[in-house]
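Read through the structure below, which is laid out as structure tokens, and then see the notes.
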Amino acid sequence: MNFKGALLYIGKAIIFGLIMATVFLVATPLLTGNNGSTSLFERQSNQGNELSFAQAVRRAAPAVVNIYSLSVNQSRPLNSGALQGLGSGVIMSKEGYILTNYHVIKRADEIVVALQDGRKFTSEVVGSDSITDLTVLKIEGDSLPIVPINLAVPARVGDVVLAIGNPYNLGQTITQGIISATGRNGLSSGFLDFLQTDAAINAGNSGGALIDTTGQLIGINTAAFQVGGEGGGHGISFAIPIKLAHSIMGKLIKDGRVIRGALGIGGEPVGPVMAQILNLPDLTGVIVTQIDPNGPADKAQLRPRDVITKYEGEAVPGVEMLMDRIAETAPGTQVTITVIRGGTYYDVPVTIGENRGEQ
């Protein structure tokens, strides 16, 4: 390399170095900040990451309604009636079907539904189910807001949730918490299947929406834990999971009531002590502890201390599964139940009856 070429090469390197130094000096204050200012990197990383549930509330809150009872003074029936706050409800479909709690409307003569946009409707009761404490109402209206639902995503312990309702008739209110516990898998029988949350659910919240942070409905608020005559405030509240509530809603719309099968027994899980006493091979199955007189099990000659191990050929791991299968079976259906009695297996044919709980 000649002298001229070497000089040109060194000159290019110096110029490139000066350019890079200038870029570095200009970019450093933007990236790192000075005098306590926020850097460009920090400003970009913080944009849109503020903790807010406003979008979820905007998606779900318009579909959460206030439910009132229209009471009329019987001594002056021509006077306009007064609205008395009962609770909350959730608009589930464009046809105007609304889910709420049975105890909210149980003693109401005429039910008025108030939307958040100011509209009011007189509603009709489509059907009620006291076992799950659910009622379906119906209103006639146009452009009704509908709550978002995703039945495929179950609530998990630790999920952040928001409760929307009308506590103490103050107007729509949002409270926040987490899922503290989830219930058992009694989806058809309706027993013991609650979501437990520490989101505040007070009087008037009943029948309102429990949503996740995307605005999806995950439960229908139903109750707050109480000790003696104390009110809520213990951080223990309950909601009916949307999968159960949606299933019950479909049955109420179809039949006006929930038709459940019944066997007429009480049962308990198999524990180690009873397994040894009854000479059972393992801890699966349900021990029959009670039989209703003249019920299906009594007519089939099932006995206390029989251990039910199979229902229509399906193994019975515990009480919840058995109660679910019985509830799902149409009344009048003959099924085969496998029991262990005195160390011997028996197949017992039983005709399922109907659970005629209060509707």
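Across region 340-355, which residue is surrounded by the fewest Cβ atoms within 10 Å (Cβ to Cβ) among those that are touching a residue at least 40 places away in the same chain (Cβ under 8 Å) and part of a strand (DSSP E or B)? Checked region 340-355; the qualifying residue surrounded by the fewest Cβ atoms within 10 Å (Cβ to Cβ) is Pro349. Given the condition more than 29 Å from Glu320 (Cα to Cα) and at pLDDT 90 or above, answer yes or no: does some residue in region 176-184 qualify? Yes, that holds for at least one residue.
Quick grid of which residues meet (1) of a type outside the set (A, V, I, L, M); (2) in contact with a Ser or Thr (Cβ under 9 Å, 6 or more places away or on another chain):
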{"site": "Ser88", "(1), (2)": "yes, yes"}
{"site": "Lys94", "(1), (2)": "yes, yes"}
{"site": "Leu99", "(1), (2)": "no, yes"}
{"site": "Tyr102", "(1), (2)": "yes, yes"}
{"site": "Arg107", "(1), (2)": "yes, yes"}
{"site": "Ala114", "(1), (2)": "no, no"}
{"site": "Gly118", "(1), (2)": "yes, no"}
{"site": "Thr122", "(1), (2)": "yes, no"}
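Of all residues in region 90-124, which are acidic (Asp, Glu) and assigned to a loop (DSSP other than H, G, I, E, B)? Selection gives Glu95, Asp109, Glu110, Asp117.
Residue-wise test of (1) over 21 Å from Leu170 (Cβ atoms); (2) outside any strand (DSSP E or B); (3) at pLDDT 95 or above.
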| site | (1), (2), (3) |
| --- | --- |
| Asn49 | yes, yes, no |
| Val65 | no, no, yes |
| Leu70 | no, no, no |
| Ser75 | yes, yes, no |
| Asn79 | yes, yes, no |
| Leu86 | no, no, no |
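Within region 149-170, the residues that satisfy the criterion of being in contact (Cβ under 8 Å) with a residue 24 or more places away in the chain and of a type in the set (Gly, Ala, Ser) are Ala155, Ala163, Gly165. Against the list (1) more than 17 Å from the chain's Cα centre (by Cα); (2) surrounded by 15 or more Cβ atoms within 10 Å (Cβ to Cβ); (3) farther than 18 Å from Ala63 by Cα; (4) at pLDDT below 95, the condition Arg107 fails is (2). Only residues that are more than 17 Å from Gln172 (Cβ to Cβ) and open to solvent by less than 50 Å² (accessible area, probe 1.4 Å) were counted in region 110-120, giving 1. Within region 126-142, restricting attention to residues that are open to solvent by 30 Å² or more (accessible area, probe 1.4 Å) and aliphatic (A, V, I, L, M), the residue that is farthest from Ile111 (Cα to Cα) is Ile131.
Those helices (runs of 4 or more DSSP H) of region 241-326 in which 2 or more residues are free of Cβ contacts under 8 Å to residues at least 24 places away in the same chain, touching a Gly at 6+ places or on another chain (Cβ under 7 Å) and among the hydrophobic types (A, V, I, L, M, F, W, C) are absent. Of the residues making up region 261-312, those that are among the acidic types (Asp, Glu) and open to solvent by 50 Å² or more (accessible area, probe 1.4 Å) are Glu268, Asp282, Asp292, Asp298, Glu312. Exactly one residue out of Val153, Val157 is in a loop (DSSP other than H, G, I, E, B), surrounded by fewer than 17 Cβ atoms within 10 Å (Cβ to Cβ) and either among the acidic types (Asp, Glu) or modelled with pLDDT of 90 or more (or both), and it is Val157. Just for region 202-215: of the residues that are open to solvent by less than 40 Å² (accessible area, probe 1.4 Å) and part of a loop (DSSP other than H, G, I, E, B), which one is farthest from Ala239 (Cα to Cα)? For region 202-215, the residue satisfying everything is Gly215. Taken residue by residue, region 139-148 has no member that is in contact (Cβ under 8 Å) with a residue 12 or more places away in the chain and in a strand (DSSP E or B). Assessment of region 235-254 against the conditions (basic (Lys, Arg), modelled with pLDDT of 90 or more and either under 30 Å from Ala200 (Cβ atoms) or touching a strand residue (DSSP E or B) at 6+ places or on another chain (Cβ under 7 Å) (or both)) yields at least one matching residue.
The values are calculated or read from the model by the stated rules, or taken from the named source; none is laboratory data. Please read all numbers here as calculations on a predicted model, not as lab measurements. Ideal geometry is used to build each Cβ from the backbone, glycine not excepted, and the neighbour counts take in all protein chains shown. The area values use the complete protein model at the heavy-atom level, side chains included, leaving out ligands, DNA and RNA. Shrake-Rupley method; radii C 1.70, N 1.55, O 1.52, S 1.80 Å.
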